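The values are calculated or read from the model by the stated rules, or taken from the named source; none is laboratory data. Fair warning: this is a prediction, and the values are worked out from it, not measured in the lab. Positions of Cβ are backbone-derived with ideal geometry, glycine not excepted, and every protein chain shown enters the neighbour counts. Remember, those area values only see protein heavy atoms, side chains included, never the ligands or the DNA or RNA. Shrake-Rupley method; radii C 1.70, N 1.55, O 1.52, S 1.80 Å.
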Amino acid sequence: MTVHDDPAASAIDATQLRSPITRAGYEYWLGKKGDRPYPSRADFDPLIEQPLLARNMVLIEVRPVPLDFRYRLIGSAVRANMDADWTGRWMSEIPMQRAPNPIWQHHEWVLRHKAPRFYRPANLGPNKVSRSIESAQLPLGPDADTIDMMMVFVDFLVKTA
């Protein structure tokens with residue numbers, strides 16, 4: 001079974017994060033969350049507060065009906081490891097991103113569980129030989145019942161043997 005068959009196979013716990021970027025992104029999110037289940041997008045100004053971290057950040061808009069996800073912002077370090085710049089595009093418009101893609105399934109997991117998701121999938125981008133990915137996918141919303149955006153921190157790690 002591969003992560004394509006079962007994306008949960010790539011899921012990790014926050015304590016297993018290896019990347020200083022994904023750990024710092026999660027800590028940034030936790031600092032804004034306070035006692036709430038998750039912070040709102042309005043709580044953040046990453047380009048001012050965390051400019052270096054913003055390079056590895058992706059902001060994703062959630063459309064509940066019909067379910068879809070739009071890339072609102074893709075940091076420069078993430079764009080450098082992609083085949084194309086998908087800023088402004090819905091995942092359903094991108095053949096390798098639409099359901100049942102593993103990334104789509106991780107997004108659905110965050111919505112269903114109303115909790116962060118951490119994963120280390122195989123790198124499906126253009127830099128497969130030398131890199132692996134670690135990601136922290138963090139929900140954002142105006143209240144405990146609504147997730148309207150996700151903040152994702154992605155790092156491209158050198159593969160270990």
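So, of the residues in the stretch 30-61 that are among the hydrophobic types (A, V, I, L, M, F, W, C) and in a helix (DSSP H, G or I), which turns out to be farthest from THR146 (Cα to Cα)? Give the derivation first.
Here is the first cut: in the stretch 30-61, the residues among the hydrophobic types (A, V, I, L, M, F, W, C) are 30, 42, 44, 47-48, 52-54, 57-60.
Imposing the further condition that a residue be in a helix (DSSP H, G or I) reduces the set to 30, 42, 47-48, 52-54.
Details: LEU30: 18, ALA42: 14, LEU47: 24, ILE48: 26, LEU52: 29, LEU53: 25, ALA54: 24 Å.
Restricting to residues being among the hydrophobic types (A, V, I, L, M, F, W, C) and in a helix (DSSP H, G or I), the top hit is LEU52.
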Give just the number: which of (1) part of a loop (DSSP other than H, G, I, E, B); (2) modelled with pLDDT of 95 or more does GLU27 not satisfy?
-> (1)
TRP109, sole failed condition from (1) at pLDDT below 90; (2) in contact with a helix residue (DSSP H, G or I) (Cβ under 9 Å, 6 or more places away or on another chain) | (1)
Which condition breaks for MET96 when tested against (1) among the hydrophobic types (A, V, I, L, M, F, W, C); (2) touching a residue at least 24 places away in the same chain (Cβ under 8 Å); (3) surrounded by 14 or more Cβ atoms within 10 Å (Cβ to Cβ)?
-> (3)
From the list ALA42, ALA14, which one is aliphatic (A, V, I, L, M) and exposed (fewer than 12 other Cβ atoms within 10 Å of the Cβ)?
-> ALA42
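Just give me the residues in the stretch 112-124 being closer than 14 Å to MET150 by Cα and crowded, with 16+ Cβ neighbours inside 10 Å, in sequence order. Working first, answer last.
Here is the first cut: in the stretch 112-124, the ones closer than 14 Å to MET150 by Cα are 112-118.
Across the stretch 112-124, the qualifying residues are PRO116, ARG117, PHE118.
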Of all residues in the stretch 71-93, which are surrounded by 14 or more Cβ atoms within 10 Å (Cβ to Cβ) and among the β-branched types (Val, Ile, Thr)?
-> ILE74, VAL78
Do any residues in the stretch 137-161 that are part of a loop (DSSP other than H, G, I, E, B) and of a type in the set (Ser, Thr, Tyr) have Cβ atoms under 9 Å from those of residues that are modelled with pLDDT under 90 and open to solvent by less than 50 Å² (accessible area, probe 1.4 Å), where the two are at least six apart or on different chains, and which pairs are they?
-> THR160/SER132
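Could you please give the count of residues in the stretch 44-60 that are over 22 Å from ILE103 (Cβ atoms) and in contact (Cβ under 8 Å) with a residue 12 or more places away in the chain?
Filtering the stretch 44-60 down to residues over 22 Å from ILE103 (Cβ atoms) leaves 45, 47-52.
Filter again for in contact (Cβ under 8 Å) with a residue 12 or more places away in the chain, leaving 49-50.
Within the stretch 44-60, residues that are over 22 Å from ILE103 (Cβ atoms) and in contact (Cβ under 8 Å) with a residue 12 or more places away in the chain number 2.
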Here the qualifying pairs (Cβ atoms under 9 Å; residues six or more apart or on different chains; first in the stretch 62-80 and among the polar types (S, T, N, Q); second open to solvent by 20 Å² or more (accessible area, probe 1.4 Å)) come out as SER76/ARG55
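Give ARG41, ARG89, ARG18, ARG55 a once-over and let me know the one that is in contact with a Ser or Thr (Cβ under 8 Å, 6 or more places away or on another chain) and charged (D, E, K, R). Lay out the reasoning, then the answer.
On the way: ARG41 fails: in contact with a Ser or Thr (Cβ under 8 Å, 6 or more places away or on another chain); ARG89 fails: in contact with a Ser or Thr (Cβ under 8 Å, 6 or more places away or on another chain); ARG18 fails: in contact with a Ser or Thr (Cβ under 8 Å, 6 or more places away or on another chain).
Of ARG41, ARG89, ARG18, ARG55, the one residue that is in contact with a Ser or Thr (Cβ under 8 Å, 6 or more places away or on another chain) and charged (D, E, K, R) is ARG55.
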